[in-house]
Each structure stands twice: as structure tokens, then as C-alpha cells.
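Structure first, then comments.
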Amino acid sequence: MAETLTGAVPEVTDAVPEFPMPRAARCPFDPPPALKDLQEQAPLTKVRLWDGSESWLVTRYAEQRAILGDPRVSADTDSPGYPTKASPQGGEGKLSFIMMDDPEHARLRRMVTAPFAIKKVEALRPAVQRIVDDLIDELLAGPRPADLVERFALPLPSLVICELLGVPYDDHAFFQDNTKTMVHRDATPEQRGQAGREVAGYLAALIGKRLADPREDLLSSIAGRITAGEIDHQQATEMALLLLIAGHETTANMIALGTLALFQNPDQLALLRESDDPKLVASAVEELLRYLHITHLGRRRAAVADIEIAGQVVKAGDGLIMANEIANRDPEVFPDPDRLDITRDARRHVAFGFGVHQCLGQPLARMELQVVYGTLYKRIPTLRLAGSLDDVRFKHDAFIYGVHALPVTW
């Protein structure tokens, strides 16, 4: 799924680095060096994609925020010039309202906004704390070394989103296995499509049950929209699929990758472990979100009108790719950006995007990460990597970056 960049389009004789760049032989937490070079040269660079089409790669923070907040750009994959992520080896489809424009985007998004409001999420904090404590108890009672991904990082957000949606956690292996296939870069379109249909069929059946027997969960609320004639069963299923995937896959990767980053920065881990200040924990979460960023395919948009930005005219029909991981390393906004510093004010990062398509579930993700980072290293103060960094398998083969396993001991 590599997408090639050219330094001067349409010249194809220049060096052509890959986007995303391979992660071998460099710090596994840093963006590709080619992105840093492009960021230093200009805020927007014309690049060539796998299919020969051209798009603008946006590498600086200010320009990304301006574009993401501009109504003259479209998130709809059917918009002319939209820079598809698909390649000859992979397909791409719409994932509910996040790939739509207003007013339909806003109409559908509002249907599931309430459970993710800050007050509602904060009310869940005690329950999440209990889940974290229980998982740590089980971790401590089990064998060493242990895989933190399997034993802790993946079960936590899966339990939380299952509870919120009303999906039986007993079925977690089914949807986790299929989700892995859906986000695997080397899976064929047929394999991804089959995995997506399996999970969609499962959720459609659950929604059907909630239509007949509503409960106090988000699936019942979504089913109620069908009864009210606001959406059909397919739209409801797509909405539930988006929430289920986003609700566990991204947070699980942040838990494990953030823990590994702290292991590699023991001074920052010590600060976090030894502090009882919830503000420092919240600050650490924001800094890790800025420093790591786990989605490296860029936010895609298409211009629907001519836009002048940074002295450059982006014409209607031009594609735009926001390389969010390098924007979070923009030295104009975050001094010494390649250093992990949990005391810095990193709240302006674009890990959750910006504008009307900003991540719906960010309050829940923040709260879960705050509970994890504020608890795990205190409960297990000697927690450390079992083995060396060279032994850790990073997810070069997935659309969501992280680690396949994180062997730890204490």
C-alpha cells in the first residue's frame, strides 16, 4: 500500500521515497525522514500516488489546520480528485459518516454524539478504573513475561466499547480477528471484504434484536433511529461498525505503543510513575498522542473550490493529504519536537484531527488513556520490556500503527 512521492512532479527521474516510509533502521516512534525534509522545504508539496495521480502533501501544522477547517474541502471519497488510499493490492470503501460532507455528515454524527460528551464519559471513569485494576490483578497473577497487548492493551478498550455499544464481550475474539484482517495492509480486497461482511452481518443481527427488545445501550439508540425513519438498517450497521472498530483498535495500539515509548524514555516514565498530579497524567496523554500518532496514511481531502494557502493555489479537484504525524512534529508549534516531554503543553496536536470531522470518540480515548497511564506504572513500578527493542515487531503491515505484541516483565 506504499504511495510514492516525487520531489518535482511531473519529473519522475528524481528520488522517489515511499509514503508512508519504511520504518526499518530508524527510531520506530519518529515520522519518515523524507517527511521532515519536505516539511522544511515547503508546507505543501505535489506528490505522485501509486496510480500516477497527483495530490498535495501537507506537512506543516498551520496549513493542515487551515485546510481541515475549510468548508471548501471534501472528505467524500467520491469527490473528484480525492486521493484514494487504495492500491492494486487493496480496496477502499466508505466508513459511515466520517467519509461524508455536511449536512449529511452532521445529521448522522449527531445521532451518536451524546454518549461521547465529556460529562457522559467522565461518568464512566470509575467503571474504567475498575476494569484497569482487574486487568492488572490478572496480569500480576499470571506468568512472566507477559504480552501486554493480549493481556491488557486490547482487552481494556474492547471491554469498554462493548459495554457502551451493547456488544457481548464474549464475542470479542470474533470481531478482533476480523478487524485485524480489515486493517491489514497485505490482506487482499477479498479478505478485507469478507472480514467486513462478517462483522457487519453480526452487528446487523444485534441491531435487529434491539429493534425488538431495546436496552440501555448505544445499539438500541441507533436502532431507535431506524424505527423513527431517520436511517435504514444498512446505515445503522455502518455506524455501529465504525464505532466498534474505532473504539478498540486505536486505543489498544496507543496503550501499548505509549508504554513502549515510556520504556525508551525512563526519565519521563519516572516522572509519570512518581507523580500523583492528575494534570501531569493528562499532559502525558496529550504528549504521547502528539509524539506517537498511530495513523500514518494521512487525512485525505479533495478541494471543491480554488483555495490559496501559503502562497500556493490549490485548484478545485486537487487532492490533499494531511501527513498528521509530521504536523505534530512541526518545530514552529512544538519546540524540540522529536523529544518526548510529558510536561509540555501538547493539547494543540492534530492526533484527533481538526474541524467538523474531529474524532467523535476523543473524550473516551483520552479518559481511558489517562486511567491507564495514571495506574499501570504505579501498580507495577518495576514494569519493563522483556528483551530488547529489536525483538519488538512493529505494525508495518497495518493501517493503524502499533506493536503486534509487547513482552513485559516486572
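The values are calculated or read from the model by the stated rules, or taken from the named source; none is laboratory data. Computed from a prediction, not measured in an experiment: that's the story for all the values here. FYI the Cβ positions are ideal-geometry reconstructions off the backbone, even for glycines, and counts take in every protein chain you see. Just the protein is used for accessible areas: all its heavy atoms, side chains included, with ligands, DNA and RNA removed. Shrake-Rupley method; radii C 1.70, N 1.55, O 1.52, S 1.80 Å.
If you check residue 224 against the conditions, is it on the phi > 0 side of the Ramachandran plot and at pLDDT 95 or above?
The answer is no for residue 224.
Counting only residues that are in a helix (DSSP H, G or I) and surrounded by fewer than 22 Cβ atoms within 10 Å (Cβ to Cβ), how many does segment 284-298 have? Break it down stepwise before answering.
Start the filter on segment 284-298 by keeping residues that are in a helix (DSSP H, G or I), which leaves 284-292.
Filter once more, keeping what is surrounded by fewer than 22 Cβ atoms within 10 Å (Cβ to Cβ): 286.
Residues flagged as in a helix (DSSP H, G or I) and surrounded by fewer than 22 Cβ atoms within 10 Å (Cβ to Cβ) within segment 284-298 amount to 1.
Of the residues 345, 341, only one is among the charged types (D, E, K, R), at pLDDT 95 or above, within 27 Å of residue 277 (Cβ to Cβ) and open to solvent by less than 30 Å² (accessible area, probe 1.4 Å); which?
Testing whether each residue is among the charged types (D, E, K, R), at pLDDT 95 or above, within 27 Å of residue 277 (Cβ to Cβ) and open to solvent by less than 30 Å² (accessible area, probe 1.4 Å) leaves just 341.
From the list 173, 228, 153, pick out the single residue that is under 20 Å from residue 254 (Cα atoms) and without any contact (Cβ under 8 Å) to a residue 12 or more places away in the chain.
173
Out of 164, 135, 139, report the one residue that is at pLDDT below 95 and assigned to a helix (DSSP H, G or I). Please lay out each step first, then the result.
Values: 135 fails: at pLDDT below 95; 139 fails: at pLDDT below 95.
The unique qualifying residue is 164.
With the requirement that a residue be of a type in the set (Val, Ile, Thr) and open to solvent by less than 60 Å² (accessible area, probe 1.4 Å), what does segment 299-315 give you?
Result: 307, 309, 314.
Here's the yes/no breakdown for (1) in contact with a helix residue (DSSP H, G or I) (Cβ under 7 Å, 6 or more places away or on another chain); (2) among the basic types (Lys, Arg):
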position: 283; (1), (2): no, no
position: 293; (1), (2): yes, no
position: 304; (1), (2): no, no
position: 307; (1), (2): no, no
position: 315; (1), (2): no, yes
position: 331; (1), (2): no, no
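Can you tell me which residue among 42, 62, 34 is more than 13 Å from residue 320 (Cα to Cα), touching a Leu at 6+ places or on another chain (Cβ under 8 Å), of a type outside the set (Phe, Trp, Tyr) and modelled with pLDDT of 50 or more?
Working: 42 fails: touching a Leu at 6+ places or on another chain (Cβ under 8 Å); 62 fails: touching a Leu at 6+ places or on another chain (Cβ under 8 Å).
The conditions single out 34.
Could you tell me how many of the residues in segment 37-82 are touching a residue at least 60 places away in the same chain (Cβ under 8 Å), part of a helix (DSSP H, G or I) and surrounded by fewer than 17 Cβ atoms within 10 Å (Cβ to Cβ)?
Summing the residues that are touching a residue at least 60 places away in the same chain (Cβ under 8 Å), part of a helix (DSSP H, G or I) and surrounded by fewer than 17 Cβ atoms within 10 Å (Cβ to Cβ) in segment 37-82 gives 1.
Could you go through segment 372-381 and let me know if any residue there is charged (D, E, K, R), in contact (Cβ under 8 Å) with a residue 24 or more places away in the chain and in contact with a Lys or Arg (Cβ under 9 Å, 6 or more places away or on another chain).
For segment 372-381, residues charged (D, E, K, R), in contact (Cβ under 8 Å) with a residue 24 or more places away in the chain and in contact with a Lys or Arg (Cβ under 9 Å, 6 or more places away or on another chain): present.
Among 319, 355, 361, which is of a type in the set (Gly, Ala, Ser), touching a residue at least 40 places away in the same chain (Cβ under 8 Å) and within 24 Å of residue 162 (Cβ to Cβ)?
Criteria check complete, one pass: 361.
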